[in-house]
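Only one structure is covered here, and it is reproduced in the block below.
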Amino acid sequence: MRPSSLQKREAALLAAERQFLSTGYESVTMDSIAKECGVAKQTLYSHFGSKRALFLELVTSKTVAARRAVPSPPEFDPADDPRPTLRALLVAQLTAVMAPTVLSLRRLVIGELSRSPELASALYEQGPRRAITKLAALIAELRDAGLLHVDDPERAATQLNWLVMGEPVNRAMLLGDAAIPSPPEIDAQVDSALDVFFAAFGARA
């Protein structure tokens, strides 16, 4: 049975991902991708249009997949401590960002920023921007329930996001996968960030 159009597309994305991450953007060609996934080069062009468009689809799909791997916050009772609800979301978000594939794609996108700003825009909108929006919605719910004292949920979400993400992302982006924090280190990072956050925004008597 011949592979379907969707199967050819998925095979091309897998081959492109492997090549981009192993050798960098510039050294990969549509010829090399076509050869690895066993399709005609013209088939790749009919599916994606160009190498840059293929890379954009790869960045977008991987970023969306990482975002969707983060579960929605659990329901909370206004009588409960809000910290576990925030903690669960933040641990999941930091874990998703620290995936080696996600970090490698970020490095590639940054390297292509001057030539293809649309790649960075897609990664930002589908990744960090959506994560902060999701966090802001939860903070607004907790505020409305009287569990946080926050005037601007989106600004508070941005501040909390970078308390959690700043140092781990910088280390892993610049020092490589060996600097990716372990699960206990991720837990400790989130707990430390929440200590600061609740000292600033915890509900006041």
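The values are calculated or read from the model by the stated rules, or taken from the named source; none is laboratory data. For clarity, every value in this text was computed on a predicted model and none was experimentally measured. Using ideal geometry, Cβ is built from the backbone for each residue, glycine included, and neighbour counts are taken over all protein chains shown. Keep in mind that these areas ignore ligands, DNA and RNA; they rest on the heavy atoms of the full protein, side chains included. Shrake-Rupley method; radii C 1.70, N 1.55, O 1.52, S 1.80 Å.
Can you compute the charge dipole magnitude of region 83-190 about its Cα centre, using +1 on each Lys and Arg Cβ and -1 on each Asp and Glu Cβ, nothing else charged? Give it in debye, rounded to the nearest 20.
Using Cβ point charges on Lys, Arg, Asp and Glu, region 83-190 gives about 120 debye.
Name the residues of region 35-71 whose amide N is less than 14 Å from a point 7 angstrom out from the Cα of Arg18 along the C-beta direction?
Residues passing the 14 Å test: 35-39.
Report, in whole Å, the centroid distance computed from the Cα atoms of region 17-34 and region 36-59.
11 Å
For the chain, what does the relative contact order come out to in percent, with C-alpha contacts under 8 Å and a separation of six or more?
Reported as a whole number, the value is 20 percent.
So what's region 1-89 giving for Rg/Rh, alpha carbon basis, Kirkwood Rh from the mean inverse pair distance?
Radius of gyration relative to Kirkwood radius: 1.25.
Assuming a ≥ b ≥ c are the square roots of the Cα gyration tensor eigenvalues, decide whether region 101-205 counts as rounded (a/c under 1.5), prolate (otherwise, with a/b larger than b/c) or oblate.
Since a/c reaches 1.5 but b/c is at least a/b, the shape of region 101-205 is classed as oblate.
Taking the Cα centre of region 1-113 as the origin and placing charges on Cβ (Lys, Arg +1; Asp, Glu -1), which of Leu21, Cys37, Leu86 is farthest toward the positive end of the dipole?
It is Cys37.
Could you work out the local net charge near Arg83, counting Lys and Arg as +1, Asp and Glu as -1, over the other residues with Cβ closer than 10 Å to its Cβ?
Every neighbour counted, the sum reads -3.
Going Cα to Cα from Lys62, which lysines come in below 22 Å? Please leave out same-chain ones fewer than 8 positions away.
Here the lysines satisfying the reach criterion relative to Lys62 are Lys8, Lys51, Lys134.
Subtracting the Cα-Cα distance from 0.36 nm times the residue separation, let me have the gained length for Val64 to Gln42 in nm, one decimal.
Details: separation 22, 0.36 × 22 = 7.92 nm, distance 2.73 nm.
Gain on stretching Val64 to Gln42: 5.2 nm.
By what distance, in whole Å, do the Cα atoms of region 89-154 stretch along each of the three principal axes, largest value first?
46, 22, 13
Which value in nm describes the separation of the simple spin-label points at Glu167 and Ala203, placed 7 Å from the Cα toward the beta carbon?
Distance between label points: 3.0 nm.
I'd like the Karplus ³J(HN,Hα) series for region 58-65: coefficients 6.51, -1.76, 1.60, θ = phi - 60°, whole numbers in Hz, and an x wherever there's a Gly or Pro.
After applying 6.51 cos²θ - 1.76 cosθ + 1.60, I find 5, 4, 5, 5, 5, 5, 5, 4 Hz.
Treating only the Cβ of Lys, Arg, Asp and Glu as charged (+1, +1, -1, -1), what charge dipole size does the chain show about its Cα centre? Round to the nearest 20 debye.
Using only the charged Cβ atoms, the result is roughly 1020 debye.
Determine the gain in length on full extension of the stretch His149-Ala179; use 0.36 nm per residue of separation and subtract their C-alpha separation, reporting nm with one decimal.
Full-extension gain reported as 7.3 nm.
How much accessible area per residue does the chain have, in Å², with a 1.4 Å probe? Before the final figure, lay out the partial values.
On the way: 10860 Å² over 205 residues.
Ligands and nucleic acids excluded, the figure is 53 Å² per residue.
Lys/Arg Cβ at +1, Asp/Glu Cβ at -1, dipole of the chain taken about the Cα centre: which of Tyr124, Leu54, Ala179 is farthest positive-ward?
Of the listed residues, the answer is Leu54.
Determine the share of region 97-189's accessible area contributed by carbon and sulfur atoms, expressed in whole percent, with a 1.4 angstrom probe.
Reported share for carbon and sulfur atoms: 56 percent.
For region 48-96, what's the radius of gyration and Dmax over Cα atoms, in angstrom?
16.6, 55
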